[in-house]
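> Take this structure, written in structure tokens, and hold onto it; I'll ask about it next.
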Amino acid sequence: MKMLSGYYTKNEEGVANTQYDIAINSCGRYELIKLKEFKTYRPEGRNDFQLLYIAKGKAMFIINGEKKIVKQDSIVIYLPSEPQYYSYNLQDEPIVYWVHFSGFNAFELLKENNLTDSSIFNVGTNSTISIIFDNIIKELQLTRTNYFQMCSLFIKELITMCGRYLAETNSGRYSRNKTMENAINYFNENFNKEINIKDYADKNSISCCWFIRSFKRYTGVTPAQYIINTRIEKAKSLLNTGSFTVSEVSNLVGYENPLYFSRIFKKNVGIAPKAYCY
């Protein structure tokens with residue numbers, strides 16, 4: 001078994017630290033390489049909280065006497081003194097992260113993020129979750145200045161991120177937000193190219209009218225105005241360098257006609273590009 005872990009307190013029963021709002025105890029990552037099965041059985045649970053994340057494959061848990069197969073992109077949360085029984089099998093190719101923590105605000109943090117009504121939650125495909133776990137492990141291993149505080153911040157980020165996904169998924173916002181985020185990324189990467197909003201909507205199999213309304217609701221401006229704003233901001237940055245003529249800046253930000261660029265610039269900034277240079 002490949003195991004990567006770090007400890008602030010190494011205690012099988014766990015430590016309930018009530019001095020801090022969130023306090024790290026330990027964190028790690030398990031991956032079965034040759035070992036056929038790995039089991040954990042704690043009939044009395046632990047004194048702290050535990051959050052496990054199935055990054056790949058699946059694992060078996062017994063929750064309230066019921067056998068549950070927990071698949072990739074899910075988390076399992078154990079409260080203090082809650083019986084723990086789970087196992088990993090080599091054939092399921094599991095990669096599992098875990099973190100033990102406590103603190104006087106630990107339960108409230110979970111509750112605020114709707115993570116206390118059940119034990120198992122799907123949190124979607126999100127590589128950032130694994131990165132957060134890896135960061136906690138590194139902090140515990142390297143013990144650099146303020147590593148304990150850094151671990152607390154990472155745990156808060158982890159729990160809040162999971163809570164955000166659940167809230168947005170339940171409200172239907174997640175898919176809408178993802179569509180808008182993809183559009184924003186595309187517009188920022190291709191702002192100096194010709195972008196046809198209808199063509200973009202068609203390529204992404206969404207209604208053009210719905211897209212424009214939703215984008216404006218999400219950003220405050222229409223897609224066309226967002227592209228103009230992005231071009232203008234890039235143009236201002238280039239003009240500030242003093243290294244480019246107005247015609248060169250016009251071409252760099254996607255306008256072939258410098259006169260048209262000047263009109264657009266003045267309309268949005270209030271002064272002409274030449275005046276902005278000085």
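> Pick out the one residue from Ser102, Ser118 that is hydroxyl-bearing (Ser, Thr, Tyr) and closer than 22 Å to Gln149 by Cα.
None of the other options fit; the residue is Ser102.
> The conditions are (1) acidic (Asp, Glu); (2) more than 24 Å from Glu181 (Cα to Cα); (3) assigned to a helix (DSSP H, G or I), and Glu256 fails exactly one of them. Which is it?
It fails just one condition, (3).
> Filter segment 224-236 down to the residues that are touching a residue at least 40 places away in the same chain (Cβ under 8 Å) and of a type in the set (D, E, K, R) and list them by number.
Passing the criteria: Arg231, Lys234, Lys236.
> Which of the residues belonging to segment 237-256 are in contact (Cβ under 8 Å) with a residue 12 or more places away in the chain and within 31 Å of the chain's Cα centre (by Cα)?
Of everything in segment 237-256, just one residue is in contact (Cβ under 8 Å) with a residue 12 or more places away in the chain and within 31 Å of the chain's Cα centre (by Cα), namely Val253.
> Then there's this: Quick one: would you say Ile232 is under 25 Å from the mean Cα position of the chain (by Cα), assigned to a helix (DSSP H, G or I), modelled with pLDDT of 90 or more and on the phi < 0 side of the Ramachandran plot?
no
For (1) closer than 30 Å to Phe121 by Cβ; (2) surrounded by 12 or more Cβ atoms within 10 Å (Cβ to Cβ); (3) among the hydroxyl-bearing types (Ser, Thr, Tyr); (4) modelled with pLDDT under 95, each residue gets a yes or a no:
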position	(1), (2), (3), (4)
Gly172	yes, no, no, yes
Lys178	yes, yes, no, yes
Glu181	yes, no, no, yes
Asn185	yes, no, no, yes
Asn196	no, no, no, no
Trp210	yes, yes, no, yes
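Each row is one residue, and each column tells you yes or no for (1) in contact with a helix residue (DSSP H, G or I) (Cβ under 8 Å, 6 or more places away or on another chain); (2) within 19 Å of Tyr7 (Cβ to Cβ); (3) modelled with pLDDT under 95.
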| residue | (1), (2), (3) |
| --- | --- |
| Cys27 | yes, yes, no |
| Lys36 | yes, no, yes |
| Leu51 | yes, yes, no |
| Ile54 | no, no, no |
| Phe61 | no, no, no |
| Asn64 | no, no, yes |
| Ile69 | no, no, no |
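> If Thr143 meets every condition in (1) without any contact (Cβ under 8 Å) to a residue 60 or more places away in the chain; (2) within 21 Å of Gln72 (Cβ to Cβ) apart from one, which number is that one?
Just one mismatch for Thr143, condition (2).
> Only one of Asn114, Asn126, Asn122 is on the phi > 0 side of the Ramachandran plot and at pLDDT below 95; which?
Of Asn114, Asn126, Asn122, the one residue that is on the phi > 0 side of the Ramachandran plot and at pLDDT below 95 is Asn114.
> Further, regarding this structure: Pairs only if they're at least six apart or on different chains, beta carbon under 8 angstrom, first in segment 96-120 and of a type in the set (Asp, Glu), second crowded, with 17+ Cβ neighbours inside 10 Å; list them, first residue then second.
Correct list of pairs: Glu112/Gly163.
> If only one of Tyr165, Tyr200 is in the same structural domain as Ile120 (by TED's automatic domain parsing), among the aromatic types (Phe, Trp, Tyr), crowded, with 17+ Cβ neighbours inside 10 Å and outside any loop (DSSP other than H, G, I, E, B), which one is it? Working first, answer last.
Working: Tyr200 fails: in the same structural domain as Ile120 (by TED's automatic domain parsing).
Criteria check complete, one pass: Tyr165.
> Follow-up. Would you check which residues across segment 123-137 are surrounded by fewer than 16 Cβ atoms within 10 Å (Cβ to Cβ), touching a residue at least 12 places away in the same chain (Cβ under 8 Å) and not in a loop (DSSP other than H, G, I, E, B) and list them?
Answer for segment 123-137, where residues must be surrounded by fewer than 16 Cβ atoms within 10 Å (Cβ to Cβ), touching a residue at least 12 places away in the same chain (Cβ under 8 Å) and not in a loop (DSSP other than H, G, I, E, B): Thr128, Ser130, Asp134.
> Another question, if that's okay. If a residue must be among the acidic types (Asp, Glu) and either surrounded by 14 or more Cβ atoms within 10 Å (Cβ to Cβ) or under 19 Å from Ile137 (Cα atoms) (or both), how many such residues does segment 22-48 contain? Steps first, please.
Pass one, segment 22-48, residues among the acidic types (Asp, Glu): 31, 37, 44, 48.
Still in the list and also either surrounded by 14 or more Cβ atoms within 10 Å (Cβ to Cβ) or under 19 Å from Ile137 (Cα atoms) (or both): 31, 48.
Count: 2.
Okay, residues lined up against (1) farther than 15 Å from Tyr97 by Cα; (2) in contact with a strand residue (DSSP E or B) (Cβ under 7 Å, 6 or more places away or on another chain); (3) hydrophobic (A, V, I, L, M, F, W, C):
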residue	(1), (2), (3)
Ile136	no, yes, yes
Asn146	yes, no, no
Gln149	yes, no, no
Ile155	no, yes, yes
Met161	yes, no, yes
Arg164	yes, no, no
Ala167	yes, no, yes
Lys178	yes, no, no
Glu181	yes, no, no
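The values are calculated or read from the model by the stated rules, or taken from the named source; none is laboratory data. None of these values were measured; they are calculated from a predicted model. FYI the Cβ positions are ideal-geometry reconstructions off the backbone, even for glycines, and counts take in every protein chain you see.
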